[in-house]
1. Take every DSSP beta bridge with both residues inside the stretch 825-985 and express the antiparallel ones as a percent of the total, to the nearest 5.
2. Please figure out what share of the DSSP beta bridges in the stretch 580-686 is antiparallel and state it in percent, rounded to the nearest 5.
3. Checking the a/c ratio against 1.5 first, then a/b against b/c, what shape does the Cα gyration tensor give for the stretch 825-985?
4. Take the alpha carbon gyration tensor of the stretch 398-538, find the square roots of its eigenvalues, order them as a ≥ b ≥ c, and report rounded if a/c is under 1.5; if not, report prolate when a/b exceeds b/c, else oblate.
5. Please sort by residue number the trypsin sites (Lys or Arg not before Pro) in the stretch 366-414 whose DSSP state is loop and whose Cβ has at most 10 other Cβ atoms within 10 Å.
6. Step through the table entries K448/K838; K708/K764; K132/K935; K721/K764, compare each Cα-Cα distance with 18 Å, and write down the pairs that go over it.
7. About its Cα centre, what dipole magnitude does the chain give when the only charges are +1 on Lys and Arg Cβ and -1 on Asp and Glu Cβ, stated in debye to the nearest 20?
8. How large is the accessible surface per residue of the chain, computed with a 1.4 Å probe and reported in Å² as a whole number?
Amino acid sequence: MQKKAQDSHNPEFEIDIATGKINFNPEIEIKSSTCLGCWSCCGMRVAVDRKTGKIVRVSGNPYHPNSTGYFLPYNTSILDSFQMVTMYKDMGNRYRTTVCARGNAAPEIVDDPRRILTPLKRAGKRGEGLWKPITWEQLIEETVNGGRLFEELGEDRFIEGLRHIRDLNSSLDPENPEFGTRANLFIAIGGRHDGRTPFFKSWVKKSFGSVNWYGHGGTCGLNMRIAYRAFLDTWDSGPQMTPDFRNSEFIIYFGSGASHAGNPMQFMGRELATGRSERNHSAVFVSPFMPAGVSASSDKTTWLPIRPGSDGALAMAIIRWIIEHKKYNRKYLRLTTKKAARKAGIPSWSNATYLVITEEGRKDSGRFLKADAPGLGSENEYVVLHPEKGIPVNYNEIDNARLFYSGIVTLEDGSSVYVKTSLQILKEESLSHSMEEYSRACGISLEKIVGLAEEFTVHGVRAATEVHGGVMQSNGYYSAMAILTLNALIGNINYRGGLVISGQYQTVARGPAYDLVNFPGGVTPRGANIARGFPYEKTTEYRRKKEKGKNPYPAKLPWYSNTSPEQLVAGVFEAIKTGYPYKPKIIFNWMANPLYTTAGLAKKDIIKVLKDPGIIPLIISCDVAMGETTKYADYIIPDTTFFESWGVMGVWAGVPHRLSAVRIPVVEPRTKREDGIVMGMEQYLIDISRVLDLPGFGKSGIKDKRGKIWQIQKGEDYFLKAIANVAYDGIPVPDIHEDDLNVARYLKRIYNSSREALSREEWKKVLYVLARGGRFEDKDRENKGEFKNMLWEGHIAIYSEQIASSKDSITGKYRKGTASWLKPAFADGTFIDEKFKKEEWPFIIISYKSRFRSVSNLANVRALQELKKTNFIQINPEDAEKFDISSGDRVRIITPEGRMEATAKLLEGVMPGTIAIAFGYGHTEWGSRDYTIGKKLVRGDRDIGRGININPVALRDNSLKGIHLLSDPVCGGISRNYIPAKIEKIGI
């Protein structure tokens, strides 16, 4: 039998290697769930001590593709799944499954001594760290009904509660009717890829009725996300694509590191390592900082240093080389329609051949020429050029069209218009800089650029590019678009080894079991959001200027018509400070920490307004710990950790399988009251709904497929219905077998405690899903011939009419429709390196994700602190020599916005002229400082605050009068990887 190692925990089970018989440890229970140690959402099995209720070990889920390269067939029994990860018949070597260091260390967060476990109300000024415990009932009463809530502190001000703000009829500002109703004065911040966010978002928008819900995207990868929407020409909720890591032959990673900062991290790292050792796979990592995944012992992974903010220059150079040397996929790019693509046996096509009106001065300049104008069809059809005849034709009439054209087309009324094909516009844009200019801009030799272009184009469709947060500079959208366009030029979309999509089962949807989208009485929120994710040309401000005969540009602050408003969280704080376009009345912050994570935000001016109840009357925060943002709340709601909460989620696009993972409370929530109610975000919103009689949550409920109303009285009532949708999507999963229940006995307790949440028939299938930690498409369905099984069947945009037809709200200029190389600049167009010249500011600071500390909810984990207690100011030895700096010296970095001190570390893996600083350190809260609850002192841990967080000294955009964080002008993505700086030695 396999025995436990000396000094280890008692094993969860023992197996007889000869017979395969398993004996489970009766003292330990093993539960399937999903990890949130980062945001990759890997499957995990959690071993819990039955007596103490504490987690003793975390391992991977063998059904989940993130956790193992050979995940089990979905119909594998639970008993067999345990057998197959052991050495019985040597199966463990194939089916072994893992959770990374974060996931293994994460259980510490459950019993962190600094956790918030009871509702709190401030007992001093905002930010002083003085709190008093209150009951749940008082929390609900005061936040709903308002009043003179802090009269005992000398603040004799009536504060409007949620009841007063939830007004769906009165105008927020009658003079600016586009701002919508007073309900929009409620601002909700929080949520990301965690499985709980759909609940939160749905409540804010469709139950309370506010347009102002915000996630984290603007501070993370917004530039990339909007580039994908333009690239796929889908502006509602376009998917993110990634390389087919398992089947690719060559990948260029731009600012992204497999097994370091990539999502999903485990999956990417495993496939990179496997491909390097077992397949003919190679990769180049383009970054100012050498990421994990680059192996010094292998020539199959190469680090290509690049100057910060110049990824677009390298990508455009490769685009120019591909076009000039005719290395593009002519067969793919010439396709005109979906019908033509199907005839060619290809799932997608592009708009490379579509004619674009480029004649300046016309109202339709920048838009596609539609077939009605030259009398060739309708206004919904496009015009292309016949490949042999050279005449304009309706794109439905031919399968293949001319790729390059610049000239005149005669319209039906006899007039003419100047047009170009999309690919012609891209070609000319790539030719606007010489190869030498691109080389100087990115700091990469012409020889290496050409070599990279040649390598990228010799693999056919089995090459791809990867990009994420590395392009978070003020030129990031166009850089990301250039990186994505490389894939279109080689026509790798949907191919094995190319650029692919992932998918998930229906969850919070108009599902096969429950409609979690349209519930009775649901609200459609209306109005311009406070973060200005709205067309400036539709504002009253614009109209008034036009009526007065004035130039309507610039706006007071930038507006972003191409961005999902929910991504623009920084704009909330700009509005708080400036009152533009309006000020909020209530801020609700859940599981978010923008004051720590957002570059340029946490400065004295923002802190000052957050402290002032006269500016923001009510701040409510829901969190597990005292974060940098939660610190300024009036009320704090205790929240659950991911070991104590429900959730249902897909995974990042890198996993080319259809799947939905689920999360359950694997331990008793520490926020559970004596009456069994679990305090947290979900219960707070449900109780608010009951008091205010809001739709969808509480008594109002949601409908099943038969029209029956089901009440939502606790969080699991909602999530179990989402899991039912997963179970019934397409071909429903089987009913759970009694043998599975005998192994996963904890499922019976879930059933008994929430029996009324589902029908008996639904429970049989939901338990099947819960037992396996989700629903996972089998591995043999990954590919379909030379293509992937999951396909992007829309077109690819070489040229984005949406972007090209929108104006910059500051300059009033139309934007470029194709990929382009633009230097990082301020909102008024001034280049950053012209204002902060290299002679005075010789360095550019970038941040990168620490492998162990890049999310706040793990900052207080002692095991991870021990792996790396602090971060450093990392510079290249060449730069260090100029300033007489050695590793271990204390140095000061100075930016135009401030200064910080830390320890220097010399590293060959940093591009000269660059300072690299790991994100995840330098907390000023999150358990690093003391605070008081009543008479109890909650002592901080100084180790949590070690190191520096560069965001408070990041660059702002001072080209505008109002406070504005330096952002990409196309989409509003915050610039966090381009901070001019100087350095000086201050000691040893």
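The values are calculated or read from the model by the stated rules, or taken from the named source; none is laboratory data. All values reported here derive from a predicted model rather than from experimental measurement. All Cβ positions, even for glycine, are placed from backbone atoms using ideal geometry, and neighbour counts span all protein chains on display. Calculation scope for accessible area: heavy atoms of the full protein, side chains included, ligands and nucleic acids excluded. Shrake-Rupley method; radii C 1.70, N 1.55, O 1.52, S 1.80 Å.
1. Percentage antiparallel, nearest 5: 70.
2. 30 percent
3. Because a/c hits 1.5 or more and a/b fails to exceed b/c, the stretch 825-985 counts as oblate.
4. Prolate, because a/c is 1.5 or more and a/b exceeds b/c.
5. K389
6. In this structure, K448/K838; K708/K764 lie more than 18 Å apart at Cα.
7. Approximately 640 debye in magnitude.
8. Normalised by residue count, the accessible surface of the chain is 37 Å².
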